[in-house]
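Take a look at the structure set out below.
No value in this document is a laboratory result; all are computed from the given coordinates. Since we're looking at a predicted model, the values are computed, not measured. A quick note on method: Cβ atoms are made from the backbone with ideal geometry, for glycine too, and the neighbour counts reach across all protein chains shown.
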Amino acid sequence: MQTRTVVFFLPFLVGCATMSRPSADLANMNVVDLTYAFDAHTLYWPNSPSGFELKELARGPTPGGYFYSSNLFAAPEHGGTHLDAPIHFSERGVSVDGIPARQLVAPAIVIDVTSRTATDADYRLTVEDLRAWESANGTIPSGAIVLLRTGWGKRYGNRKAYFGDDTPGATDKLHFPSYGADAARILVGERHAGAIGVDTPSIDYGQSKDFIVHQISAAAGVPGLENVANLDSVPVRGAWVVALPMKIGGGSGAPLRIIALVPR
C-alpha cells in the first residue's frame, strides 16, 4: 500500500514585518509540553480551600472480560498550569468558554529575565526589558502569546521555594517575580498580545496587593497563563504555542494543557 506524508501549515498572524515568520511546518517541529501534571502535588494559591482531588470510581476486569477504569476529579479553577479568563478580574470580561480558540494558538515570544531574578525574587518585567528584547529580536507581533521566563520553573514542586513562603493560608509573605504594570500595558495595549504567560504562580509578582497586571490584562480581554512549565526549552522567537484550557462554561479560569511547537 502506498503511503504519503501529510504536512500541515499554520498561517501566521498579521504582525510587524521586522520579524521573519515562515509558515509553521508541523512535520519539522518538536512538541514541548509546557504543562505540569494535575495530581496530589499540584500547587494552588496558599488560601485555596482545596487542591486537586482524584477519586477512583472503577478499576479492574468487568463481567464482560475487558478492563475498565474511571475516575472522578475535583479542583479549584486556579492552580497548577492554568488559564485566567478576563472575567477573573473584569466584571465585563469573558469567561473561559468565551475566549476564541484562535486567540490561544499563536506565535510564541519568550522574554528571558533569569539574570535579573537570580538576585531579585520580587523582580518585575520593565519597559526597558521590552525595548531591549525588541531591539534584538524585532517588534512583538500583534496576537502573539508572550511568555516570561524567570527561571522559577526549576522550583516547581517545592512550595516554599516556588512561592517564597509556605505558611499555611498566608498570602502576604509571597516572593516571586512576574510582569510589571507598565510593561503589561504595552504588551496588551500597544502590542496587542493574544495572551501573556509566566513560569511563576501569577502574572502579578508575589508581593502584589492590587493584582494590577491582572486588572490591566483582563480589561483588555487578554487571558493570563500561569505556572507554565519548561520555558527553558522554548526559544525567544520562532515557536508556536497552543494553549487550550478546559472549556468551563462561565469559568473564571481552568486547567490548561499548553504546548509549544519548536522548529527543529
Dipole magnitude of the chain about its Cα centre, charges +1 at Lys/Arg Cβ and -1 at Asp/Glu Cβ only, in debye to the nearest 20? 640
Can you work out ³J(HN,Hα) from phi for every residue in segment 31-36, in order, using Karplus 6.51 cos²θ - 1.76 cosθ + 1.60 and θ = phi - 60°, giving whole Hz and x for Gly and Pro? 9, 10, 7, 9, 10, 7
Rounded, prolate or oblate (a/c below 1.5 giving rounded, otherwise prolate when a/b exceeds b/c) for segment 65-106 by Cα gyration tensor: prolate
Counting DSSP beta bridges with both ends in the chain, the antiparallel % (nearest 5): 70
Evaluate the relative contact order of segment 201-264 (contact order divided by residue number), counting alpha-carbon pairs under 8 angstrom at least 6 apart; express in whole percent. 26
Give the residue from Pro177, Pro245, His214 lying farthest towards the positive end of the charge dipole for segment 164-264; charges sit on Cβ (+1 for Lys and Arg, -1 for Asp and Glu) and the dipole is referred to the Cα centre. Pro245
By the gyration tensor of its Cα atoms, with a ≥ b ≥ c the square roots of the eigenvalues, what is the shape of the chain: rounded for a/c under 1.5, prolate for a/b over b/c, or oblate? oblate
Expressed as a whole number of Å, what is the distance separating the alpha-carbon centroids of segment 97-139 and segment 200-226? 13
By counting other Cβ atoms within 10 Å of each Cβ, how are Lys160, Lys173 ranked from fewest to most? Lys160, Lys173
Count the lysine pairs in the chain whose Cα atoms sit under 22 Å apart, keeping only pairs 8 or more residues apart in sequence or on different chains. 5
Over the chain: helical MRE at 222 nm, DSSP H runs n ≥ 4 each giving -39500 (n - 2.57), nearest 500: -3500 deg cm²/dmol
Correct semi-axes for segment 170-264, from √(5λ) of the alpha-carbon gyration tensor and rounded to whole Å with the largest first, are 22, 16, 16
Considering Cα pairs under 8 angstrom that are at least six residues apart, work out the relative contact order of segment 107-264 and quote it in whole percent. 27
Classify segment 29-161 from the C-alpha gyration tensor, please: rounded if a/c falls under 1.5, else prolate or oblate depending on whether a/b exceeds b/c. prolate
